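For reference, the structure discussed in these notes is given below.
Throughout, read-outs are computed from the coordinates displayed, never taken from laboratory work. Keep in mind that this is a model prediction, so the values were computed, not measured. Positions of Cβ are backbone-derived with ideal geometry, glycine not excepted, and every protein chain shown enters the neighbour counts.
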Amino acid sequence: MRAAFTALWRGLTAPFRWVARGLDRLTAGPRRFFGEDPEDSPLGEAVQKAVARPDEVLAHLAALRGHLLRATLAMALAALILFEFSGTLLDWLAAPVGGLEALQAVDITEPIGTVMRVTLLASFAVTLPYIALELLLFVAPGISRKARILGLLAIPLVFVLFAAGVTFTYYVLLPPAVNFLLNFMDIPTIVRPSSYIGFATGLMFWVGLSFEFPLVSYTLAAMGLLPARWLAQNWRIAVVLLAVLAAAITPTVDPINMMLVWIPLSLIYFLSVGTAALAQRTRRRL
């Protein structure tokens, strides 16, 4: 009789146990994320542990592979959805040269390659917050709980800053660059889709990433990895390196378009010095 009552009780409470087990699995990730702070050890000691126990390094690499795989799948899914809007995106990108009718393809595969390039850039921009979340989840076991919460709150800024860089490129950098290229020496120019779209998307991508540097410097300074004083002391070297980077990003040879890229990058660098100093001050208070 006792066995019958036990079986009946287990049958009646089985749905509740399944729900509790499912909730435990769903909340396991957040509990680990907001869990205890890791043991703080010097960098040299951490390197020695990694050399002594390479199996732990392989486990971290396996975890990184999982995070990168999920980020790649998210980008692929976003690309499939955004492919339906590729025509609208191409119209928007081609507006500075007179629209799609001003573009003339030469190779038979050129339109397909152009559409895929635009779709990939759009999918990267849309899934950038999720990519940042996956990277945060990868480094979360090695950083403090406050740094995890700070990183979680900063994820929306990742998209906002990248979008600001893309918008700045489209409305400020592209018009004078296109005007210079199309009217140089009054030579008639046939604008190819692959050439123009590659130039525009490449400029948007790199300038958009450069707009992330204040957030990156703030995060690294909050973790104690990037002193603001070091950034301030090496500003001359940084300005020269940014000039080289601006010359590499800008496809034109005139100094005007290069200055249009170099000046914002320099301002972003000095802004990064300020954000790093702010992060250090906040870290001392905590």
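Separation of segment 69-113 and segment 147-212, taken as the distance between their Cα centroids, equals 15 angstrom. Each peptide in 255-264, 224-233 receives the mean, over its residues, of other Cβ atoms within 10 Å, and ordering these scores from highest gives 255-264, 224-233.
Over all pairs of different C-alpha atoms in segment 76-215, the reciprocal of the mean inverse distance, the Kirkwood hydrodynamic radius, equals 16.7 Å. Taken over the C-alpha atoms, segment 90-140 has Rg and Dmax values of 16.1, 49 angstrom.
Peptide packing for 158-169, 100-111 was compared via the average number of neighbouring C-beta atoms within 10 Å per residue; ordered from the highest value, the list is 158-169, 100-111. The alpha carbon convex hull volume per residue for segment 143-185 rounds to 63 Å³. The ranking of 148, 281 by Cβ neighbour count inside 10 Å, starting from the fewest, reads 281, 148.
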